[in-house]
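Okay, so here's the structure we're looking at.
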Amino acid sequence: MPDQPQPRKPVVTVLTSKQCPHCNAVKQSLNDIVKIGLIDDVQFIDIEDRTDEFSHVRSVPWIRIGDFELHGLHSKQELQDWISKASDPEGMQIYIDELLSGGQLPQVMELVKRKPELLHELVKLTANPETAMATRIGIGALLENLQGTGLAKTITEPLQTLCNHADKKIRADCAHFLGLTENKQAINTLKKMLNDPDEEVREIAEEELERLS
């Protein structure tokens with residue numbers, strides 16, 4: 001049997017400041033992680049020298065591990081955990097789930113506006129019966145805050161595929177989120193959901209039809 005390819009080690013970038021009381025601890029932790037081989041290298045950038053790529057960063061320490069952006073002080077173990085998740089196919093779902101369940105809606109909003117393709121991770125979270133209520137509420141709040149941008153229209157079709165899900169909680173969320181896509185192509189799907197066996201799903205579908213019309 002051929003050897004399995006090793007997962008790629010994530011690229012790590014850190015913004016720091018000489019006045020930051022926590023930056024040295026983060027630097028030490030990441031340098032230790034380099035020594036044990038979990039990452040090949042780490043780039044440290046003083047926030048005063050940041051380029052346009054990092055213009056959205058407002059505080060330090062700020063850590064980017066692959067596609068993950070972490071704010072503030074994190075222990076060596078936390079950093080190692082996120083480095084491990086960076087090579088996990090479900091890592092981005094885990095990351096967004098943790099942010100939303102932890103009330104970090106502004107951070108997810110900023111991330112989605114820069115990378116709209118991440119909206120599809122919200123659909124995956126919606127489809128997972130194990131997704132916590134706090135995360136589901138966060139998804140709804142995120143889509144409400146995107147009203148007027150047109151970004152949420154891109155997830156209309158994948159949401160429509162969930163409208164016949166066996167879990168009524170997922171169907172209810174699906175109906176709500178479809179209304180928040182601002183996409184009139186969702187109207188026919190919501191009309192069909194007016195015949196859903198669950199009363200709450202029917203009520204939500206009716207409310208979202210009013211929103212779209």
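Computed over the chain with a Gaussian network model linking Cα atoms closer than 10 Å, the most mobile of Ile94, Ile45, Ile155 is Ile45.
Using a simple spin-label model with pseudo-atoms 7 Å out from Cα toward Cβ, Asp40 and Ser75 lie 3.0 nm apart. Extension gain for Gln147-Ser84 works out to 19.2 nm (0.36 nm per residue, less the C-alpha to C-alpha distance). Quarter the surface of the alpha carbon convex hull of the chain and you get the mean projected area, 14.7 square nanometres. Where both bridge residues fall in the chain, DSSP classifies roughly 60% of the beta bridges as antiparallel.
Full extension of the chain between Glu110 and Asp167 gives 17.4 nm of extra length, using 0.36 nm per residue less the Cα-Cα distance. The calculated FRET efficiency for the pair Ser17 and Ala134, based on their C-beta separation and a Förster distance of 30 Å, comes to about 0.40. For the pair Lys191 and Arg211 in one chain, pulling the backbone fully straight at 0.36 nm per residue adds 5.9 nm over the alpha carbon distance. Just so you know, the Rg over Rh for segment 113-213 is 0.93, from Cα atoms, with Rh as the Kirkwood radius. Put a dot 7 Å past the Cα of Glu199, heading toward its Cβ, do the same for Lys184, and the two dots end up 3.4 nm apart. As a calculated quantity, the FRET efficiency between His56 and Ala25 at R0 = 22 Å, using C-beta atoms, amounts to about 0.40. Normalising the average separation of contacting C-alpha pairs (under 8 angstrom, six or more residues apart) by the number of residues puts the relative contact order of the chain at 14 percent. By the helix-only formula, in which each DSSP H run with n ≥ 4 contributes -39500 (n - 2.57) and the sum is divided by residues, the chain has a 222 nm mean residue ellipticity of -14500 deg cm²/dmol.
Read-outs throughout are calculated quantities, based only on the coordinates presented, and are distinct from any laboratory measurement. Bear in mind the structure is a predicted one, so any value in this text is a computation, not a measurement. Here Cβ is always computed from backbone atoms with ideal geometry, including for glycine, and neighbour counts include all displayed protein chains.
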